[in-house]
Amino acid sequence: MEDNFTLCQGVSVGGAEKLRSCCHIQGDNIRGVLSCDIMAKVACGVIEKLAEPIFFFLELPDSERDGYKTYYLDNCTKEVVLAIMKRYGTVLVNDGVSRFGFGSHKNDEEIYFTDYQEFQIYSRNPKKLEKLFDRLGIDVVGEDEVVTLWDLINEDNAGCISCVEADGETVFDIPENLKSEGMYEAE
């Protein structure tokens, strides 16, 4: 089990040291919160279990529409999406303003990393992920036991998310960098 819950570089909330990486499984859905230091490991572990072809998606803030622009890279092999994690994993995991994930075109299973280090997984067989969770120290708990960063945010303890840079790039560079590989903006 992990000793300390770590915040991503682009996330700031007081009291995070009280949290633990954990999730709740309900039917085909898993939701929870992850310490920054294991997010990439969870992503890669889930990718290994996805049926090909796999898609990568990235949601970036869109100030013009007060929402998000979504970008997709479709029909990837596991090797390609693992290479995306190797190349962009640091900035994806540490960025506070973006959301991202991976899914299977074959059976709709997917993992989705959202605001404040939360994650959601849709899996037809959640049991296949229990060994991964156990190995990484992610407790499987009851629904009421999942305490997230959102639960810590209040009038006296504001949360803050921000864009980060890794190796001279931000998440906003990814769609352009992967455009030649077929990344496109959803309509």
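The values are calculated or read from the model by the stated rules, or taken from the named source; none is laboratory data. For clarity, every value in this text was computed on a predicted model and none was experimentally measured. Note: ideal-geometry Cβ built from the backbone for every residue, glycine included; neighbour counts use all protein chains shown.
A few comments on the model shown:
- Residue 81 being closer than 25 Å to residue 5 by Cα and touching a strand residue (DSSP E or B) at 6+ places or on another chain (Cβ under 8 Å): no
- Hey, residue 23 assigned to a strand (DSSP E or B) and hydrophobic (A, V, I, L, M, F, W, C) or not: yes
- Residue check, residue 149 touching a Gly at 6+ places or on another chain (Cβ under 7 Å), touching a residue at least 60 places away in the same chain (Cβ under 8 Å) and surrounded by 15 or more Cβ atoms within 10 Å (Cβ to Cβ): yes
- Across segment 147-187, the number of residues qualifying as out of contact with any strand residue (DSSP E or B) (no Cβ under 7 Å at 6 or more places or on another chain) and not in a loop (DSSP other than H, G, I, E, B) comes to 12.
- Test: residue in segment 78-96 that is more than 15 Å from the chain's Cα centre (by Cα), charged (D, E, K, R), over 23 Å from residue 173 (Cα atoms) and modelled with pLDDT of 95 or more: no
- Whichever residue in segment 87-123 is hydrophobic (A, V, I, L, M, F, W, C) and assigned to a strand (DSSP E or B) and, among such residues, is farthest from residue 5 (Cα to Cα): 102
- For segment 33-81, taking the residues that are over 24 Å from residue 130 (Cα atoms) and β-branched (Val, Ile, Thr), the one that is surrounded by the fewest Cβ atoms within 10 Å (Cβ to Cβ) is identified as 80.
- Under the condition of being closer than 19 Å to residue 179 by Cα, free of Cβ contacts under 8 Å to residues at least 40 places away in the same chain and part of a loop (DSSP other than H, G, I, E, B), the residues counted in segment 43-78 number 1.
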